[in-house]
1. Can you tell me the length gained on complete extension of the stretch R200 to L13, counting 0.36 nm per residue apart and subtracting the Cα distance?
2. Would you mind telling me the share, in percent, of accessible area of the chain contributed by carbon and sulfur at probe 1.4 angstrom?
3. Starting from the Cα-Cα distance between A43 and M236, subtract it from 0.36 nm times their residue separation and give me the gain in nm to one decimal.
4. For the pair Q212/A148, report the inter-label distance in nm, with labels modelled 7 Å from Cα in the Cβ direction.
5. Just order 125-135, 141-151 by mean Cβ neighbour count inside 10 Å, highest at the front, would you?
6. Once you put a point 7 Å from the Cα of E69 and another 7 Å from the Cα of R25, both along the Cβ direction, what distance in nm separates them?
7. Can you give the calculated 222 nm mean residue ellipticity of the chain, where each DSSP H run of n ≥ 4 adds -39,500 (n - 2.57) and the sum is split over every residue, rounded to the nearest 500 deg cm²/dmol?
8. For the chain, take the longest principal axis of its alpha carbons; what is the angle in degrees between that and the long axis of helix 164-185, to the nearest 10 within 0 to 90?
Amino acid sequence: MMAWPNGYGRQILAEVDSTNLEAARVLPNLAGPKWICALRQTAARGRRGRAWSNPPGNFAATLVMRPLETPNVVALRSFVASLALYDAFVMLTGIETGLSLKWPNDVLMNGGKVAGILLEGLPGGGLAIGIGVNLIAAPSAEDVEPGAVSPVSFLAETGVRVTPDQMLDALAEAYARREASFVTYGFLPIREAWLARAARLGEKMIARTGTQEIAGVFETVDATGQLVLNTPSGRMNIAAADVFF
């Protein structure tokens, strides 16, 4: 049994509409950062309001907190959460081969998407970091956007069966360590650790924003968390986009 990190609350719900929505509800009485895990969600969603498949046995949780930094710094916690997921997977399996991080907020296992992260600002200065992991089952390829990375399950890729509460314990411990580093030393060590685990670094990819499609070579992530692509028109820094390989 992993030690639960000091200062973090923990709640496991049998059912909820969405852990991010529950985070907004508990925020007014929040005493400190708190993990909310749901065994079943009835209105789960991913980025850009897309539906998120969450069958029984998969992992759905939100970390709700009141960060003190400016919004552009708060948003960098998507990288903190990505690294924490990576660390938790290694803790649970002892396997690091095949794991990688896809900008801006997905975790890949053997090239397929095993986990996603959704950051949402909440009224009153709150932050919800929603995390979904395909622990035992993955959506079918037909359920994802054309051209997107195919979903995979943790169980199928590793042969290891992990329960949501085991995932929560490992993730909370890993996140607390990465959060402490972020608050103490800033984004630089988080950025370096993330880049060391980045998917398709130095390779061609396509970034689709709300208005354009940009093709180029993935050069780096800059000091503000933006994707840097080397394109035929020169280097481009992209703040928000969906990335396709």
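The values are calculated or read from the model by the stated rules, or taken from the named source; none is laboratory data. As the structure is a prediction and not an experimental result, all values here were calculated from the model. Here the Cβ positions follow ideal geometry from the backbone for every residue, glycine too, while neighbour counts run over all protein chains shown. The protein model used for the area step is the full one, side chains on, heavy atoms only, and it has no ligands, DNA or RNA in it. Shrake-Rupley method; radii C 1.70, N 1.55, O 1.52, S 1.80 Å.
1. 63.6 nm
2. Solvent-exposed carbon and sulfur of the chain make up 53 percent of the total.
3. 65.9 nm
4. With each label point 7 Å from Cα toward Cβ, the separation is 2.4 nm.
5. 125-135, 141-151
6. In this crude spin-label approximation the distance works out to 3.0 nm.
7. My calculation for the chain gives -8000 deg cm²/dmol from helical runs alone.
8. Taking the Cα atoms of the chain, the angle to 164-185 is about 60 degrees.
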